[in-house]
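Below: one structure, written as structure tokens.
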Amino acid sequence: MAALTALFVTAFGAATLLPLQSEAVLVGLLLQGEHPVSLLLAVATAGNVLGAIVNWWLGRYIEHWRERRWFPVSGSTLDRAQVRYHRYGRWSLLLSWAPIIGDPLTLVAGVMKEPFWSFLLLVILAKAGRYLALAAAVLGLGWW
């Protein structure tokens, strides 16, 4: 149980802006072979998606300060960016699995008022896909 908790906490933290490596924890647990692969993938995905939801929520909350003088973008500029984002940017969430850019994308989705359910679907696909590909590579189950 401690290993699964560590995986969840690491995956959650890695999805925020903390520099954690949930992939390393997952690989270690996969190689140990003490837990079902499906359970490890579910725990890692759940933790990572919940961390992304925190980022999305923070983005939504940050947007409440848009009319303050210190806010880095004017209200009209933010409105135009939100229109463009909803036309083209939603699919960028499929890159939410990627190092460096993935976590900020989930925060930006909140600022851009991405609806929660579309956010959730795209982020689950991206993050579960990343962990599935990693497990396949580690366990030699790849498509290549």
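The values are calculated or read from the model by the stated rules, or taken from the named source; none is laboratory data. All values derive from a computational prediction rather than experimental measurement. All Cβ positions, glycine included, derive from the backbone under ideal geometry; neighbour counts span all protein chains shown. Accessible surface is based on the protein model in full, side chains and every heavy atom, while ligands, DNA and RNA are left aside. Shrake-Rupley method; radii C 1.70, N 1.55, O 1.52, S 1.80 Å.
Using a 1.4 angstrom probe with every protein chain in place, what is the largest-first accessible-area order of 103, 79? Don't skip to the answer; put the middle values down first.
Working: 103 35, 79 75 Å².
Accessible-area ranking of 103, 79, largest first: 79, 103.
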Review point. Fully extended, how many nm does the chain gain between residue 54 and residue 125 (0.36 nm per residue separation, minus their Cα-Cα distance)?
Key: 23.8 nm
Exercise for review: Report, to the nearest 10°, how far helix 2-15 tilts away from the longest principal axis of the Cα atoms in the chain, using its own Cα long axis and a range of 0 to 90°.
Suggested key: 30
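Let me know the charge dipole size of the chain about its Cα centre in debye, to the nearest 20, where only the beta-carbon of Lys, Arg (+1) and Asp, Glu (-1) is charged. Kindly include the intermediate steps, with their values, before the conclusion.
Details: 11 positive and 7 negative charges, 123 e Å.
That gives a dipole near 580 debye.
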Review point. Spin-label point model (7 Å from Cα, Cβ direction): what's the residue 74 to residue 61 distance in nm?
Key: 2.9
Review point. For segment 1-96, which chymotrypsin sites (Phe, Trp or Tyr not before Pro) are in a loop by DSSP, counting at most 12 other Cβ atoms within 10 Å?
Key: 70
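What is the extension gain from residue 82 to residue 132, computed as 0.36 nm multiplied by their sequence separation minus the C-alpha to C-alpha distance, in nm to one decimal?
Result: 14.8 nm gained on full extension.
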Study note, to complete from the structure: Put 64, 35 in order of accessible area, largest first, probe 1.4 Å, and you get 64, 35
Exercise for review: May I ask you to evaluate 6.51 cos²θ - 1.76 cosθ + 1.60, the Karplus curve with θ = phi - 60°, for each residue of segment 100-117 and list the ³J(HN,Hα) values in order in whole Hz, giving x for glycine and proline?
Suggested key: 6, 8, x, 5, x, 4, 5, 5, 4, 4, x, 4, 7, 6, 4, x, 4, 5
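Give me the 1.4 Å probe accessible area per residue for the chain, excluding ligands and nucleic acids, in Å². Intermediate results must be reported in sequence, preceding the final value.
Values: 8280 Å² over 144 residues.
Ligands and nucleic acids excluded, the result is 57 Å² per residue.
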Point to revise | Theoretical FRET efficiency, 1/(1+(r/R0)^6), r = Cβ-Cβ of residue 35 and residue 118, R0 35 Å, to 0.05 | key: 0.65
Exercise for review: Using a 1.4 Å probe over the heavy atoms of the protein chains, calculate the carbon and sulfur portion of the accessible area of the chain as a whole percent.
Suggested key: 70
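Given R₀ = 30 Å, what would the calculated FRET efficiency be for residue 3 paired with residue 94, taking r from the Cβ atoms and rounding to 0.05? Could you put the intermediate results ahead of the total?
On the way: r = 29 Å, r/R0 = 0.98.
About 0.55, to the nearest 0.05.
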Practice item. On a C-alpha basis, how far is the centre of segment 86-144 from the centre of segment 10-34 in Å? Whole number, if you could? Key: 16
Point to revise | Relative contact order, percent, the chain [alpha-carbon distance under 8 Å, six or more residues apart] | key: 28
Exercise for review: Could you tell me how many degrees, from 0 to 90 and to the nearest 10, lie between the Cα long axis of helix 22-32 and the main elongation axis, the longest principal axis, of the Cα atoms of the chain?
Suggested key: 10
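Could you put 68, 60, 90 in order of accessible surface area, largest first, with the 1.4 Å probe and the full protein assembly present?
Numbers: 68 130, 60 85, 90 60 Å².
Ranking 68, 60, 90 by accessible area, largest first, yields 68, 60, 90.
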